[in-house]
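K.L.:
Attaching a single structure in structure tokens format; questions to follow.
The values are calculated or read from the model by the stated rules, or taken from the named source; none is laboratory data. Since the model is a prediction, treat every value here as computed from it, not as a measurement. All Cβ positions, even for glycine, are placed from backbone atoms using ideal geometry, and neighbour counts span all protein chains on display.
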Amino acid sequence: MKKALFHPVTAAILLSVTMPALAADLTPETLWRQIQTLQKTHAIMPESTPYQLGSRTVDPLTTDLANGPAIRSIQQAGGLMKVHRYRDGSLLVKENYNLQKQLVGVTAMVKVAGFDASDRNWVMAAYKPSGVPISFGKVGSCIACHALVRTQDFVFAPPPQQLLPVATWKAFFPKQEMNPKYVALLKKYPQHVVP
């Protein structure tokens, strides 16, 4: 699969898009509008590719998106795994797809100054494909998993750069099946498994 390049015109559009005055104005609906902007501009996160491998059978393909502040954080650090703090207003989105490349869900995390310093000020959210919110705010299960990469400011690099071990994965998704292709990556890249 070919790496997606971030187009300069898209970058200019995203750099001009600002998050609302976040603390007071951020709602599931305003965040969804920001997500839709990234979807419309195909703002692929650096080091990510469209329809990359996902860990679950319910959504075996994923696409990671990022806004201007997040992209600048990654670029300044020299790569995803080198970011220790994302800028306020950074928005990272994971589109989850089935094997037919139909969107089945969207998750997002946005950094809001003063939201919750103990969890690095990340607001977590999950949506149905239509934009109906499933969860929003301080979502304990999301934070608990993302805390595994605390030194990267709670942001995982896409497979195969970072992989969750089977035991950890099953602890977070006990009622779901693992994608066999993801399991194969665990065997192929044991050095990339998050401790």
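K.L.:
Where residues in the stretch 129-143 are of a type in the set (A, V, I, L, M, F, W, C) and modelled with pLDDT under 95, which of them is nearest to Asn98 (Cα to Cα)?
P.N.:
Residue satisfying both the conditions and the ranking: Cys142.
K.L.:
Mind counting the residues in the stretch 116-170 that are touching a Lys or Arg at 6+ places or on another chain (Cβ under 6 Å) and exposed (fewer than 13 other Cβ atoms within 10 Å of the Cβ)?
P.N.:
0
K.L.:
Taking the stretch 66-107 as the search range and keeping residues that are closer than 22 Å to Ala126 by Cα and β-branched (Val, Ile, Thr), which one is farthest from the chain's Cα centre (by Cα)?
P.N.:
Residue satisfying both the conditions and the ranking: Val104.
K.L.:
Same structure, new question: Go through the stretch 35-66 residue by residue and tally those that are touching a strand residue (DSSP E or B) at 6+ places or on another chain (Cβ under 6 Å) and either more than 23 Å from Thr168 (Cα to Cα) or not in a strand (DSSP E or B) (or both).
P.N.:
The number of residues fulfilling the criteria is 11.
K.L.:
Can you report the number of residues in the stretch 62-119 which are closer than 24 Å to Glu177 by Cβ and of a type in the set (D, E, K, R)?
P.N.:
Within the stretch 62-119, residues that are closer than 24 Å to Glu177 by Cβ and of a type in the set (D, E, K, R) number 4.
K.L.:
Here's a follow-up. Restricting attention to the stretch 132-151, does a residue exist that is more than 27 Å from Gln39 (Cβ to Cβ), assigned to a loop (DSSP other than H, G, I, E, B) and out of contact with any Phe, Trp or Tyr (no Cβ under 9 Å at 6 or more places or on another chain)?
P.N.:
No; the residues of the stretch 132-151 include none that is more than 27 Å from Gln39 (Cβ to Cβ), assigned to a loop (DSSP other than H, G, I, E, B) and out of contact with any Phe, Trp or Tyr (no Cβ under 9 Å at 6 or more places or on another chain).
K.L.:
Being surrounded by 18 or more Cβ atoms within 10 Å (Cβ to Cβ) and of a type outside the set (Ser, Thr, Tyr) is the filter here; which residues of the stretch 86-103 pass it?
P.N.:
Gly89, Leu91, Leu92, Val93, Lys94, Glu95, Asn96
K.L.:
Considering (1) among the acidic types (Asp, Glu); (2) closer than 19 Å to Gln162 by Cβ; (3) without any contact (Cβ under 8 Å) to a residue 60 or more places away in the chain, say which one Glu47 fails and leave the rest.
P.N.:
Only one criterion is unmet by Glu47, namely (3).
K.L.:
Can you name the condition, by its number, that Met124 falls short on among (1) among the aliphatic types (A, V, I, L, M); (2) out of contact with any Asp or Glu (no Cβ under 7 Å at 6 or more places or on another chain); (3) outside any strand (DSSP E or B)?
P.N.:
Exception for Met124: condition (3).
K.L.:
Using beta carbons and a limit of 6 Å, which pairs, at least six apart or on different chains, have the first residue in the stretch 76-93 and free of Cβ contacts under 8 Å to residues at least 60 places away in the same chain and the second one among the charged types (D, E, K, R) and in a strand (DSSP E or B)?
P.N.:
Close Cβ pairs satisfying both conditions: Ser90/Lys111.
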